[in-house]
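Asks: So that we are looking at the same thing, I have put the structure below in structure tokens.
The values are calculated or read from the model by the stated rules, or taken from the named source; none is laboratory data. Since the model is a prediction, treat every value here as computed from it, not as a measurement. Note that we place each Cβ from the backbone using ideal geometry, even for glycine, and neighbour counts take in every protein chain shown.
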Amino acid sequence: MDKHDIYETYVEKFHEAAAGGDTDLLDSAVKVLPNLNVKNDKGWTALMFAARNGHANVVKLLLDRGCDCEVINSTGQTALGIAQFWNQHKVVELLEAPPSSSSSSGPVLQTEPGVTNFLCGSPLDRRAEKRKDKKWLDEALKGSSVEIISFHNLSPVVKKLPDLTTKGLDAEYRLMTSKYADLSVVFHNQTPAVIFLGVDPSGEVPWFAVDVSHVPEEKIKDIHPYAEIMGYRSIFSFKKAEAAICGQARTLLAWHDRYQFCPTCGAKTTIEEGGYKRKCTDANCRSLKGTHNTCYPRVDPTVIMAVVSPDGKQLLLGRGSKFPPLFFSCLAGFVEPGESIEEACRREVFEEAGVCVGHVQYHSCQPWPMPASLMIGCIAHATSTDITIDHDELEEARWFSRQEVIQILTSQHPQRLSCPPEFAIAHQIIRSWVNMTSNL
């Protein structure tokens, strides 16, 4: 039996356990499967099977383990919609309640309640009041309880977990953490960029990030025998809490990499306040007088919109020239100076597609560490439907029916059209519209 067959067997057992309410079998399957939202050929997840059969204890277990209750199947149903249809009232109460914290193996603990978007919900308390305390920071960095994550040219250093390969499954990668003593090759005669990220929920474990770009790649394994440098997009394979911590660290390290000289006078700058400020070394620079945004990390607000037709039955999606073939997504663009979120949505949609937008609803946001965007997700309600494309911005834009959008989300579109994956806020906004229109 090859490893694909082994994986499919685990998935089948996982779904059977959820459908049958077998918590013992479910618990053993949860320890093996890296993705608890894995679907069968109909798009059903374990949470959906448990919801259909009214197994409230299984639903709670899966929610506590981080299952996504907003996943849709091939017919556009969520676990909540399934439970409502089959009158599983206790399950409905669980799924309608605010999300509870989900546990995570390893040193990362729990994600913050109520957070849905990937890269959000870091479990760390940032403890900003400690950033100016150099003595505390130094002692925390070198203490025995510290957890330090490393980046090489802005790519995270990860560790391969060998236990899954012994079961015939693909290896899972996790964010590697180290102690100060393990990083002698990093700190020897060097002063790399070090970022204080915060402390864990217990308040006892400080977290830091360090730039190890000066260390030759072949020496990275001196830090840990399973250490590897993965591309920056490996962040999307991490568990949710780890990804949020990694995103915070990468954004700050990217800023330090790009702003080593003062934007005001050109003099060299130094790192201050645990990595949250850069200070000009020229004592006469006006950036040292008063508050200047050149001294602090850059964040670029970006609006991203699901544009709904005037009758509410269609969604406007577009594709840029750099997108993969057959790939469609929400329209998006940077917020300009002196512009509100709503104004930015209206301007971007009209500029790119020639469609007029009236009411704009906020949906959610997502930090995007490539390098420092804050994606502000919105539902934009169009007041017109005629499309006029700006070909400098888009290659194509069109209106899609709900059924077509479901086919795209579930990889069943007859033309093989696709959209952003689940970790992207664009996917979440599109899916939210599908759920909103389930009764149309």
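Asks: Output yes when any residue across region 236-258 is hydroxyl-bearing (Ser, Thr, Tyr) and part of a helix (DSSP H, G or I), and no when none is. Break it down into steps so the answer makes sense when it comes.
Replies: Within region 236-258, the first condition is being hydroxyl-bearing (Ser, Thr, Tyr), and the residues that meet it are 237, 251.
Then keep just the ones that are part of a helix (DSSP H, G or I); that gives 237, 251.
Yes, that holds for at least one residue.
Asks: State all residues of region 385-395 that are surrounded by 16 or more Cβ atoms within 10 Å (Cβ to Cβ) and either farther than 8 Å from Glu352 by Cα or touching a Phe, Trp or Tyr at 6+ places or on another chain (Cβ under 8 Å) (or both); if no residue qualifies, say none.
Replies: Applying the first criterion (surrounded by 16 or more Cβ atoms within 10 Å (Cβ to Cβ)) to region 385-395 yields 387, 393-394.
Matches in region 385-395: Ile387 only.
Asks: Exactly one of these conditions fails for Arg233: (1) in a helix (DSSP H, G or I); (2) in the same structural domain as Ser150 (by TED's automatic domain parsing); (3) touching a residue at least 40 places away in the same chain (Cβ under 8 Å). Give me its number.
Replies: For Arg233, the exception is condition (3).
Asks: So which of Asp211, Asp222 ends up being in the same structural domain as Lys159 (by TED's automatic domain parsing) and in contact with a strand residue (DSSP E or B) (Cβ under 9 Å, 6 or more places away or on another chain)? Give the steps one after another, and end with the answer.
Replies: Values: Asp222 fails: in contact with a strand residue (DSSP E or B) (Cβ under 9 Å, 6 or more places away or on another chain).
Unique residue meeting the criteria: Asp211.
Asks: In region 315-349, what residues are among the hydroxyl-bearing types (Ser, Thr, Tyr) and surrounded by 19 or more Cβ atoms within 10 Å (Cβ to Cβ)? Spell out the reasoning first.
Replies: Taking region 315-349 and keeping what is among the hydroxyl-bearing types (Ser, Thr, Tyr), we get 321, 329, 340.
The one that is among the hydroxyl-bearing types (Ser, Thr, Tyr) and surrounded by 19 or more Cβ atoms within 10 Å (Cβ to Cβ): Ser329.
Asks: Scan region 351-384 for residues that are farther than 30 Å from Asn153 by Cα, hydrophobic (A, V, I, L, M, F, W, C) and surrounded by fewer than 18 Cβ atoms within 10 Å (Cβ to Cβ) and jot them down.
Replies: Cys356
Asks: Follow-up question, since we're still on this one. Taking the options Cys285, Cys246, Cys265, name whichever one is free of Cβ contacts under 8 Å to residues at least 24 places away in the same chain, in contact with a strand residue (DSSP E or B) (Cβ under 8 Å, 6 or more places away or on another chain) and not acidic (Asp, Glu).
Replies: Sole residue among the options that is free of Cβ contacts under 8 Å to residues at least 24 places away in the same chain, in contact with a strand residue (DSSP E or B) (Cβ under 8 Å, 6 or more places away or on another chain) and not acidic (Asp, Glu): Cys265.
Asks: Which one is surrounded by the fewest Cβ atoms within 10 Å (Cβ to Cβ), of the residues in region 270-296 that are within 12 Å of Gln260 (Cα to Cα) and in contact with a Ser or Thr (Cβ under 7 Å, 6 or more places away or on another chain)?
Replies: The residue in question is Thr270.
Asks: Further question on the same structure: Looking at region 404-422, which of its residues are loosely packed, with under 15 Cβ neighbours inside 10 Å and either of a type in the set (Phe, Trp, Tyr) or without any contact (Cβ under 8 Å) to a residue 12 or more places away in the chain (or both)?
Replies: Ser411, Pro414
Asks: Follow-up question, since we're still on this one. Just give me the residues in region 261-280 being assigned to a loop (DSSP other than H, G, I, E, B) and closer than 22 Å to Asp138 by Cα, in sequence order. Spell out the reasoning first.
Replies: Keep residues of region 261-280 that are assigned to a loop (DSSP other than H, G, I, E, B), which gives 262-267, 276.
Within region 261-280, just Tyr276 meets the criteria.
Asks: Looking only at region 207-241, count every residue that is among the acidic types (Asp, Glu) and crowded, with 17+ Cβ neighbours inside 10 Å and tell me the total. Quick ask: steps written out before the conclusion?
Replies: Our first condition is that a residue be among the acidic types (Asp, Glu); within region 207-241, this holds for 211, 217-218, 222, 228.
Narrowing the set further to residues that are crowded, with 17+ Cβ neighbours inside 10 Å leaves 211, 228.
Of the residues in that region, 2 qualify.
Residue-wise test of (1) touching a residue at least 12 places away in the same chain (Cβ under 8 Å); (2) polar (S, T, N, Q); (3) not assigned by TED's automatic domain parsing to the domain that holds Ala193.
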position: Leu119; (1), (2), (3): yes, no, yes
position: Lys134; (1), (2), (3): no, no, no
position: Glu139; (1), (2), (3): no, no, no
position: Ser150; (1), (2), (3): yes, yes, no
position: Ser155; (1), (2), (3): yes, yes, no
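Asks: Further, regarding this structure: Which of the numbered conditions does Leu288 fail, given that it passes all the others? Conditions: (1) more than 30 Å from Ser401 (Cβ to Cβ); (2) in the same structural domain as Arg416 (by TED's automatic domain parsing).
Replies: Of the numbered conditions (1) more than 30 Å from Ser401 (Cβ to Cβ); (2) in the same structural domain as Arg416 (by TED's automatic domain parsing), the odd one out for Leu288 is (2).
Asks: Another question, if that's okay. Taking Ile149 and the conditions (1) modelled with pLDDT of 95 or more; (2) over 21 Å from Met370 (Cβ atoms), which numbered condition does it fall short on, given that it satisfies the others?
Replies: Among (1) modelled with pLDDT of 95 or more; (2) over 21 Å from Met370 (Cβ atoms), Ile149 violates only (2).
Asks: Looking only at region 179-213, which residues are part of a helix (DSSP H, G or I) and among the hydroxyl-bearing types (Ser, Thr, Tyr)? Outline the logic, then answer.
Replies: From region 179-213, those part of a helix (DSSP H, G or I) are 180-187; that's our starting set.
Within region 179-213, Tyr180, Ser184 qualify.
Asks: Output the residues belonging to region 176-230 that are aliphatic (A, V, I, L, M) and either at pLDDT below 85 or over 19 Å from His256 (Cβ atoms) (or both).
Replies: Step one: of region 176-230, the residues aliphatic (A, V, I, L, M) are 176, 181, 183, 185-186, 193-195, 197, 199, 205, 209-210, 212, 215, 220, 223, 227, 229-230.
Answer for region 176-230, where residues must be aliphatic (A, V, I, L, M) and either at pLDDT below 85 or over 19 Å from His256 (Cβ atoms) (or both): Met176, Ala181, Val185, Val199, Val205, Ile220, Ile223, Ala227, Met230.
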